[in-house]
Amino acid sequence: MELTSAGIPADSHIDLRFAEPGVGGGNVSPNLSWSGAPEGTASFAITCFDPDAPTGSGWWHWVVTDIPADVTSLAEGVPLPVGARTWTNDYGYPGWGGPWPPPGPAHHYVFTVFAVGVDRLDVPDEASSAVARLTLSFSTLDHGSFTALFRNPSS
């Protein structure tokens with residue numbers, strides 16, 4: 001599968017408008033488009049993960065599941081499609097949580113789309129994003145990723 005973003009090209013530096021307000025950003029969710037889903041895809045999921053976060057386990061910025069199979073893109077800064085579920089990010093709120101790394105070197109942000117073999121993950125709405133991600137791993141048919149960078153502007 002292929003995942004792209006006009007607003008955040010692969011291997012580029014993420015624009016401040018996508019970052020958390022704590023670093024002067026607008027916390028706007030990025031546009032994403034994907035293609036190449038395998039036969040049997042019933043839904044899609046999207047994640048954004050920072051493996052460089054100084055937590056010992058990285059930082060989850062976005063976890064979205066149950067995107068209908070006929071949807072192959074998300075527009076910048078708009079609500080998710082009907083039926084999609086968003087999970088609590090590591091900032092503690094549901095939805096997109098943009099970059100806000102500590103001062104220092106740029107962090108890598110891995111955006112991934114998953115083709116999923118079920119239309120809705122069997123996960124209660126009140127579950128953690130960790131439970132959603134684990135359940136997602138059991139139903140993934142294929143995936144595609146790209147990575148972009150962000151450095152705290154105060155660095």
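The values are calculated or read from the model by the stated rules, or taken from the named source; none is laboratory data. In this text the structure is predicted, and so the values were computed from the model without any measurement. Virtual Cβ from ideal backbone geometry, glycine too; neighbours counted across all protein chains shown.
Against the conditions (1) assigned to a loop (DSSP other than H, G, I, E, B); (2) over 12 Å from the mean Cα position of the chain (by Cα); (3) under 21 Å from Thr4 (Cβ atoms), Pro30 satisfies every one except (2).
If you go through segment 126-155 and keep only what is part of a helix (DSSP H, G or I) and either aliphatic (A, V, I, L, M) or touching a residue at least 40 places away in the same chain (Cβ under 8 Å) (or both), you end up with Ser129, Ala130, Val131, Ala132, Arg133, Leu134, Leu136. Does segment 77-90 contain any residue that is touching a Pro at 6+ places or on another chain (Cβ under 8 Å), within 19 Å of Ile8 (Cα to Cα) and crowded, with 17+ Cβ neighbours inside 10 Å? No, segment 77-90 contains no residue that is touching a Pro at 6+ places or on another chain (Cβ under 8 Å), within 19 Å of Ile8 (Cα to Cα) and crowded, with 17+ Cβ neighbours inside 10 Å.
Of all residues in segment 34-62, those that are more than 22 Å from Val82 (Cα to Cα) have Cβ atoms under 8 Å from Cβ atoms of residues that are basic (Lys, Arg) and at pLDDT 95 or above, 6 or more apart or on another chain, in Trp60/Arg133.
Going by what's in this entry, would Phe150 be described as over 11 Å from the mean Cα position of the chain (by Cα) and at pLDDT 95 or above?
Details: over 11 Å from the mean Cα position of the chain (by Cα): yes; at pLDDT 95 or above: yes.
Criteria met by Phe150.
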